Amino acid sequence: MPGAVRPSDVLRADNLSFQYGDEPVFSQIGFSLSAGDFAGVIGSNGSGKSTLLRLLLGELSPATGGILLFGRDVRRFDAWPRVGYLAQNGLSSGANFPATAEEIVTANLFSEIGFLRFPRRAHREKAREALARVGMAACAGRMLGTLSGGQRQRVLLARVLVNEPDLLLLDEPTNGVDAETVASLFALLSRLNREKGVTILMVTHDIARAEESVSRIFCLEDGSMIELDKAQIRKELSHKHKHPAPLGPGRFAEGGGKS
Amino acid sequence: MRRAFAVGLLLAVIIPCIGIIVVLKRLSMMGDALSHSSLAGVAAGLILGINPIVGAGAVCIAAALSIEAIRKRIPKYSEMSIAIILSAGVGLAGVLSGFVKNAANFNSFLFGSIVAISDFEMILVACVSFAVLAAFVLLHKELFYVALDERAARLAGVPVRSVNFVFTILTAVTVSIASRTVGALIVSSMMVVPTACAMQLGKSYRQTVAGSIAFAVAFTLLGLFLSYYARLKPGGTIVLLGVVCFLMILLVKKLAALCVAAAGRGGS
């Protein structure tokens with residue numbers, strides 16, 4: 001469990017429990033992220049990683065415990081443009097939505113443009129800059145349906161980055177994209193974290209790549225969450241190369257993972 | 001006939017504005033459910049001696065809000081909410097139509113009677129059209145983002161609930177006035193077909209919206225001309241023109257793709 005609340009806490013979860021009906025997902029978990037942390041969350045399928053992100057976004061209510069975003073209870077939090085979220089399955093409307101990359105990125109500038117107001121040239125330029133940051137400047141005018149999976153993922157990342165968020169919540173951002181795109185995404189995230197001080201919490205299965213980039217790794221398994229140190233991760237990686245198997249906290253326990 | 005053109009043009013502009021959002025939210029059948037429900041309102045209006053369009057509007061709004069309410073409760077099977085309301089609307093219209101004395105008046109709402117609308121209906125269509133168009137233009141980016149990704153829209157600060165509510169009312173009002181003119185059985189096609197055509201050709205969301213309106217206007221004008229000179233039902237003619245145009249676009253696109261592939265093989 002995290003200790004006392006610190007002013008530098010960007011994100012803080014205390015005694016968090018959640019269940020779908022009678023099916024418990026996790027119980028009494030807690031962690032906190034300080035400004036500038038780059039954390040990964042690993043765990044096998046169904047361990048509750050995406051559920052954790054939905055709780056952090058206030059979409060689900062925990063059975064017990066609470067969440068603070070920038071020191072404010074998530075239920076009353078309203079500065080959402082400070083939080084960038086990249087969903088595991090991309091867009092809810094599907095990949096063939098009839099809009100250009102620029103239109104999609106500009107849409108996320110809603111709070112800057114204002115209710116019932118129209119985007120101006122400056123907003124469109126800002127969208128193009130965000131696309132350029134993810135290497136998609138040349139595709140600004142292309143329709144989403146004509147882009148590859150990796151290019152679409154970059155557009156969605158640009159949409160998140162256009163608001164210059166202080167906290168990024170990423171749900172398996174490298175799912176279904178090629179190795180080259182994975183490498184460039186991780187390089188971009190590392191740069192954002194290092195140069196802009198963006199705090200990042202990323203759910204991932206790619207433990208090898210995560211180990212190179214992140215400063216902290218949490219493992220969510222069997223209803224509990226533990227933080228791993230680098231030695232444990234390296235041990236897990238070597239074990240994984242020899243015996244590919246789902247992750248489990250039991251294998252980390254002997255390394256002395258802290259909760 | 002001049003009045004028919006004026007009403008047809010107004011509807012040709014607003015129906016695709018609603019239609020594109022309905023299609024993009026994967027609720028293409030919503031127009032069907034509302035237009036069928038509107039028939040229950042028409043029957044109720046005729047029985048109670050009030051204007052059938054007013055009756056249709058009231059029932060449409062109730063039906064649209066019910067669809068949204070059910071959709072929220074069963075989000076994984078949201079299309080089921082449409083089927084439930086469609087069934088309820090058809091059932092109610094069927095039962096109430098048995099009590100309507102002037103069956104010909106009721107039947108005119110099935111396929112519309114754009115050439116025989118009254119002064120009051122003309123004014124109503126004009127007022128509603130301007131209101132819907134103004135709301136669509138003002139809420140343009142909000143509707144776009146909610147249709148694209150409701151969760152991201154909420155995180156970006158879009159008042160998703162309010163936008164959905166307003167859109168539901170706009171849809172209901174549009175369907176109820178369109179049912180009198182193009183017909184309850186055809187209004188849903190008018191929402192979907194021009195959008196489907198525009199989606200085949202549009203190179204951006206903006207172009208797709210403009211294309212949907214352009215297609216709807218073209219179908220309406222051509223359909224009215226054809227129906228006048230060939231003595232056909234206007235509503236049905238307009239929709240059939242749209243479907244033929246959609247099939248032709250698909251065919252031309254397929255042929256163009258084959259030509260490009262053949263040219264590529266020839267070049268290599």
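The values are calculated or read from the model by the stated rules, or taken from the named source; none is laboratory data. None of the values given here were measured: they were computed from a predicted structure. Using ideal geometry, Cβ is built from the backbone for each residue, glycine included, and neighbour counts are taken over all protein chains shown. These area figures cover heavy atoms from the full protein model, side chains too; ligands, DNA and RNA do not enter into them. Shrake-Rupley method; radii C 1.70, N 1.55, O 1.52, S 1.80 Å.
Of note:
- Note on B:Leu138 and B:Ala126: the model spin-label points, each 7 Å out from Cα along the C-beta direction, lie 2.1 nm apart.
- GNM top mover of A:Val177, A:Val198, A:Val83 - chain A, alpha-carbon springs below 10 Å: A:Val177
- Cβ-defined net charge surrounding B:Ser81, 10 Å radius [Lys, Arg +1; Asp, Glu -1]: +1
- Every helix of 4 or more DSSP H residues in chain B counts as -39500 (n - 2.57), and over all residues that averages to -28500 deg cm²/dmol at 222 nm.
- GNM flexibility winner over chain B from B:Ala256, B:Ala218, B:Ala83 (Cα, springs under 10 Å): B:Ala256
- The portion of the accessible surface of chain B made up by carbon and sulfur, rounded to a whole percent, is 72 (1.4 Å probe; DNA, RNA and ligands excluded).
- Convex hull volume per residue for chain B, taking Cα atoms only, in Å³: 144 Å³
- Taking the centroid of alpha carbons for each part, the stretch A:140-194 and the stretch B:163-201 are 36 Å apart.
- Listed peptides B:110-116, B:208-214, B:91-97 by packing density, highest first (mean Cβ within 10 Å): B:208-214, B:110-116, B:91-97
- Chain pair B, A: total accessible area buried, heavy atoms, 1.4 Å probe, Å²: 2500 Å²
- Net charge over other residues, Cβ less than 11 angstrom from the Cβ of A:Pro98 (K, R count +1; D, E count -1): +1
- Highest mean first, the peptides A:100-108, A:153-161 sorted by other C-beta atoms within 10 Å per residue fall in the order A:100-108, A:153-161.
- One equal scatterer on each Cα of the protein assembly as shown, no solvent, Debye formula: the resulting log10 I(q)/I(0) at q = 0.08, 0.11 Å⁻¹ is -0.62, -0.99.
- Three-way shape call for the stretch A:90-164 based on the alpha-carbon gyration tensor, with the a/c threshold at 1.5: prolate
- Averaged over its residues, the stretch B:2-188 has an accessible area of 39 Å² per residue, based on protein heavy atoms and a 1.4 Å probe.
- Of the DSSP H helices in chain B, those that are both long (alpha-carbon extent of 24 Å or more along the helix axis) and hydrophobic (Kyte-Doolittle mean at least -0.5) are B:2-24, B:30-48, B:52-73, B:78-97, B:119-138, B:160-178, B:205-230, B:234-267.
- Average Cα contact separation per residue, the stretch B:2-188, under 8 Å, 6 or more apart, as relative contact order %: 36 percent
- The loop-placed trypsin sites (Lys or Arg not before Pro) in the stretch B:36-111, going by DSSP, that have at most 11 neighbouring Cβ atoms within 10 Å of their Cβ come out as B:Lys101.
- Two-site FRET efficiency, B:Arg265 against A:Ser148, from Cβ-Cβ distance with R₀ of 22 Å, rounded to 0.05: 0.40
- Its Kirkwood hydrodynamic radius, worked out from the mean inverse distance over all distinct Cα pairs, puts chain A at 19.2 Å.
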